[in-house]
Amino acid sequence: MTPTGRAPWRRVPAWGVDTGLVALSLLDAWINLYGEAAPLMWACAAVGSAGLFLRRSVPMAAFLLTLPMLVFMDVAVAPVVALYTLALHSRSRPLLAGCALLNAAASTLVWPVSETFSGEDRTWTLIQFVYTLATAFAPVLFGQLVQARQDVARKLVEVEEAREHESALYAQTVLARERAQLAREMHDVVSHQVSLIAVQAGALQVAAEDARTRDGARAIRTLSVNTLDELRHMVTLLRASGGSATELTPQPTLADLQQLIANSGIETALTGELPPGISTTAQRTVYRTVQEALTNVRKHAPGARAEVRLWHDARNFGVTVTNTAPTRPTVPLPSAHHGLVGLRERAELLDGTLTAEPTPEGGFTLALRAPARPV
């Protein structure tokens, strides 16, 4: 076998194979006609051998053109090849049997019946006919075997494709079921609890007498409302599992960055800018990176200040979010770092990188870097 996994003879073009078979047939006829000078025999040999060029398009015609050769000479190459090709392309068993009988009869005519045709000659002629018939059936059976093998191979391919299709459908069904269940859980449990937080924060905002408490309640209520919007959007995405068009809420872009910083409850400075015309996917990634960084500052660095720096050069763009050390004691909160994992996946979709590391001053830096490409 070759390195490509195909047998060497399968790499030979069809015309090359047919040319080789015609040459081999002419050699077979020349060996049988050596010393003969009858033009009719040479003509039959030439026509029968050249007929092999037709074996792929009209195998029946190629077989019939080899019959005159059998009448005048004891050849094997052309008749065997013609019978094999006919059996490979035909599904009519009676036709193939008739062609094998015709082949044997034409070969037996080498010994014509005459007045001196004795009983012993008849016996040998019958033996020759049976032998030739058995020889003719060999390529027929082999051709039918190869045809059956090709049919089985095609059926196996069809079965494998059907199995893969069924597996894909089953996986889609399972995924749709899980998405629907997750959407129900988020809608019935998480959304309900966030709604309660928003209601309680609104009540606290109205009842509080201290201005600082009212500001904190207002921030909690605003964040709760934004979280509810995000949850509704995620539930819509999860329920859209069938691939049909679904009306979705607008995704955040750079235009929403100022609002995000204003609602973060953190003293944050926004500097720099991104190149014009970056894709909406890149804008959304920058937005989510800033959102995750400010969320981590609220959770792990209370009282810290943050700086969001947008930048770009001739080849790359990015955003760097740096916060100072916390000014108040931190409260340990559970975290599985799923947010950073998701941000790294978003960065990889842009062929970029995401780094997260502490600063020497006790703060933290989250940086996104991606190649600048047009929309």
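Values quoted throughout were computed directly from the atomic coordinates according to the rules given, and no laboratory measurement underlies them. For clarity, every value in this text was computed on a predicted model and none was experimentally measured. Virtual Cβ from ideal backbone geometry, glycine too; neighbours counted across all protein chains shown.
Here is how the numbers come out for the structure above:
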read-out	value
Sequence-distant residues sharing a close amide H with ARG56 (under 5 Å, placed H)	none
Coil-residue chymotrypsin sites (Phe, Trp or Tyr not before Pro) of the range 21-93, DSSP, other Cβ within 10 Å capped at 15	TYR34
In nm, spacing of pseudo-spin labels at THR281 and GLN172 (7 Å Cα→C-beta vector)	2.2 nm
Difference of contour (0.36 nm per residue) and Cα-Cα distance, LEU40 to ASP151	35.8 nm
Peptides ranked, highest mean first, by Cβ atoms within 10 Å: ranges 309-315, 131-137, 356-362, 75-81	75-81, 131-137, 309-315, 356-362
Mean separation of Cα contacts under 8 Å, 6 or more apart, over the residue count of the range 250-371: relative contact order %	25 percent
Anisotropy class of the range 8-160 from Cα gyration tensor, a/c 1.5 cut	oblate
Vicinal HN-Hα couplings computed from phi for the range 43-57 (Karplus, 6.51 cos²θ - 1.76 cosθ + 1.60; Hz; Gly/Pro x)	5, 5, 5, 5, 5, x, 5, 5, x, 5, 5, 9, 5, 7, 8
Counted charge near TYR287, where neighbours are those whose Cβ lies closer than 11 Å (Asp, Glu -1; Lys, Arg +1)	+1
Reciprocal mean inverse distance between Cα atoms of the range 250-371 - Kirkwood radius, Å	14.6 Å
5 angstrom amide H check on PHE364, placed H, neighbours 5+ away	ASN323, THR359
TYR131 paired with ALA255, simple spin-label distance in nm, labels 7 Å along Cα-to-beta-carbon	9.5 nm
J(HN,Hα) series, the range 74-87, from Karplus relation 6.51 cos²θ - 1.76 cosθ + 1.60, nearest Hz, glycine and proline x	9, 9, 10, 5, 4, x, 5, 5, 5, 5, 4, 5, 4, 5
Of every Cα-Cα pair in the range 27-94, the percent that sits beyond 17 Å	38 percent
Under 5 Å, built H, 5+ apart or other chain: amide partners of ASN316	ALA372
